[in-house]
Amino acid sequence: MGGAAVRIAARRDFFEHVVVADYDPARAVAAVAAVDGVGAPGRFSATAVDASDEAAVIELLRSSHSDVLFNATDPRFVMPLFRAAQTAGAHYLDMAMSLSVPHPTQPYESTGVKLGDEQFELAEQWEKAGKLALVGMGVEPGLSDVFARYAADELFDEIDEIGIRDGANLTVDGYEFAPSFSIWTTIEECLNPPVVYEKDRGWYTTAPFSEPEVFDFPEGIGPVECVNVEHEEVLLVPRWVEAKRVTFKYGLGDDFIGKLKTLHALGLDRTEPLAVRNADGAGSVRVSPRDVVAAALPDPAALGDLMHGKTCAGTWVTGTKDGARREVYLYHVVDNQWSMREYGAQAVVWQTAINPVVALELLAAGTWQGAGVLGPEAFAPQPFLDLLTAYGSPWGIRES
């Protein structure tokens, strides 16, 4: 995500300098090298930092005089980076929120620690400091939340349901199983208890892959079976948008669901380290089973040349307008061939990365302003959607 965001931001002029930091300095150097010659020179630099080392991140923020920490890591590192930005006095933006912990005795009925709870607990401190933590500002969550706010502001008088629906027809040549997104995050989302919101009930959980439905996605993708998945929108949207029900369903397909169930049955979805014997049989090392799965699969960012098809992120809304029933799907589709040709980034990565860059430009211009821990739906949606289109990535509305 970070590499794709660099390629997108390089074509814009709203910032003075970006420090690209990674645990592996070669990755940071490669991200900067990819935009050499794009825009004014010297606007990007590369460095190494461990995202789990708060002190090191604080020092980097201070020494580089950074105004914003843009977190493009997986959710395990949300809280150390979130706290580092707070301590350093920087604004903060992420695309995924702090992790959940299932209810200890009723995981498929009641919520435990919800996505984002750790961040929202510190909201008052951020607000008092006059700093903004813009959370969940990718595509889903992110653009999907902007769509929800737009629907509430412009398209409906009363909303019955806001349902995020994500689907694709992407294929990868030469691989029987090659997820187009981080498998670590995918396992986390898909095997945790999904959360549903109902106005009269609040937040509650269901079993993984529950309530299957076939959703017809636009621009040639077509019908895809979608199931309930844990996702941030369900925790974000009800804080700012009035709706009777909020859901998130992901188009996974039977084969993908079967493989995830197998990983769970074998315990390979666990994050707690296990002792594994060294290759030479002498001694052992402690490794996370989920990290082993991630290491065994191809890097999603490197699959672009082998991928074909489109990915769609969108927000389905039902309710009433001027006394009449209404149903709409606000959506954003990216063709992998286009994103690879234009940016050298595969569609799912590119679609996620463009939205935080758009948000940063709105913040830099003062179009979006705020303090505290806020989701995308806390801000006016029209400027975001206009700027997204200006970036060359239009969105659409399908009326049913």
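The values are calculated or read from the model by the stated rules, or taken from the named source; none is laboratory data. Small disclaimer: the values here were computed from a predicted structure and weren't measured. All Cβ positions, glycine included, derive from the backbone under ideal geometry; neighbour counts span all protein chains shown.
When ALA301, ALA295 are screened for being small (Gly, Ala, Ser), in contact with a Gly (Cβ under 8 Å, 6 or more places away or on another chain), under 25 Å from ARG76 (Cα atoms) and not in a strand (DSSP E or B), only ALA301 passes. The condition (being in a helix (DSSP H, G or I), in contact with an Asp or Glu (Cβ under 9 Å, 6 or more places away or on another chain) and β-branched (Val, Ile, Thr)) is satisfied by just one residue among THR315, THR352: THR352.
In region 319-342, the qualifying residues are those that are under 21 Å from the mean Cα position of the chain (by Cα) and part of a strand (DSSP E or B), and the one that is farthest from ALA353 (Cα to Cα) is TYR329.
Per-residue answers, yes or no, for (1) touching a His at 6+ places or on another chain (Cβ under 6 Å); (2) exposed (fewer than 15 other Cβ atoms within 10 Å of the Cβ):
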{"position": "ALA207", "(1), (2)": "no, yes"}
{"position": "ASP216", "(1), (2)": "no, yes"}
{"position": "PHE248", "(1), (2)": "yes, no"}
{"position": "ASP269", "(1), (2)": "no, no"}
{"position": "ARG290", "(1), (2)": "no, no"}
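Within region 150-173, the only residue that satisfies the criterion of being β-branched (Val, Ile, Thr) and under 17 Å from the mean Cα position of the chain (by Cα) is ILE164.
Evaluated against (1) modelled with pLDDT of 90 or more; (2) under 25 Å from LEU303 (Cα atoms); (3) of a type in the set (Gly, Ala, Ser); (4) touching a strand residue (DSSP E or B) at 6+ places or on another chain (Cβ under 6 Å), ALA148 falls short on exactly one condition, (2).
Within region 44-71, the set of residues being over 22 Å from ALA129 (Cα atoms) and touching a helix residue (DSSP H, G or I) at 6+ places or on another chain (Cβ under 7 Å) comprises PHE44, SER45, ALA46, THR47, ALA48, VAL49, ASP50, ALA51, SER52. Output yes when any residue across region 337-348 is in contact with a helix residue (DSSP H, G or I) (Cβ under 8 Å, 6 or more places away or on another chain), more than 25 Å from PRO179 (Cβ to Cβ), touching a residue at least 24 places away in the same chain (Cβ under 8 Å) and buried (at least 24 other Cβ atoms within 10 Å of the Cβ), and no when none is. No - not one qualifying residue is present in region 337-348.
Just one of (1) among the small types (Gly, Ala, Ser); (2) under 19 Å from ALA353 (Cβ atoms); (3) over 24 Å from the mean Cα position of the chain (by Cα) fails for SER63. It is (2). The residue list ASP74, ASP22 contains one member that is surrounded by fewer than 21 Cβ atoms within 10 Å (Cβ to Cβ), touching a helix residue (DSSP H, G or I) at 6+ places or on another chain (Cβ under 6 Å) and among the acidic types (Asp, Glu), which is ASP74.
The set of residues from region 88-108 being closer than 30 Å to THR205 by Cα and part of a strand (DSSP E or B) comprises TYR92, LEU93, ASP94, VAL101. Across region 309-333, what is the total count of residues that are farther than 19 Å from GLY167 by Cα, surrounded by fewer than 19 Cβ atoms within 10 Å (Cβ to Cβ) and either without any contact (Cβ under 8 Å) to a residue 60 or more places away in the chain or not charged (D, E, K, R) (or both)? Number satisfying all stated conditions: 4.
TYR92 satisfies every condition listed in (1) at negative phi; (2) at pLDDT 95 or above; (3) out of contact with any strand residue (DSSP E or B) (no Cβ under 9 Å at 6 or more places or on another chain) except (3). Of all the listed residues (VAL68, VAL101, VAL6), the sole one being without any contact (Cβ under 8 Å) to a residue 24 or more places away in the chain and under 30 Å from LEU236 (Cα atoms) is VAL101. Report yes if some residue within region 367-386 is touching a Gly at 6+ places or on another chain (Cβ under 8 Å), surrounded by fewer than 23 Cβ atoms within 10 Å (Cβ to Cβ) and either of a type in the set (A, V, I, L, M) or closer than 23 Å to GLY167 by Cβ (or both); otherwise report no. Yes, there is a match, as at least one residue in region 367-386 is touching a Gly at 6+ places or on another chain (Cβ under 8 Å), surrounded by fewer than 23 Cβ atoms within 10 Å (Cβ to Cβ) and either of a type in the set (A, V, I, L, M) or closer than 23 Å to GLY167 by Cβ (or both). Reported count of residues in region 121-153, each being crowded, with 20+ Cβ neighbours inside 10 Å, on the phi < 0 side of the Ramachandran plot and not polar (S, T, N, Q), is 20. If the condition is being of a type outside the set (Asp, Glu) and either loosely packed, with under 13 Cβ neighbours inside 10 Å or under 22 Å from PRO141 (Cα atoms) (or both), then region 294-308 contributes ALA295, ALA296, PRO300, ALA301, ALA302. When region 367-400 is filtered for residues that are in a strand (DSSP E or B), in contact with a helix residue (DSSP H, G or I) (Cβ under 7 Å, 6 or more places away or on another chain) and either of a type outside the set (Gly, Ala, Ser) or without any contact (Cβ under 8 Å) to a residue 40 or more places away in the chain (or both), only VAL373 remains. Annotation note: of ALA51, ALA133, ALA85, the sole residue that is touching a strand residue (DSSP E or B) at 6+ places or on another chain (Cβ under 6 Å) and either in a loop (DSSP other than H, G, I, E, B) or in contact (Cβ under 8 Å) with a residue 60 or more places away in the chain (or both) is ALA133.
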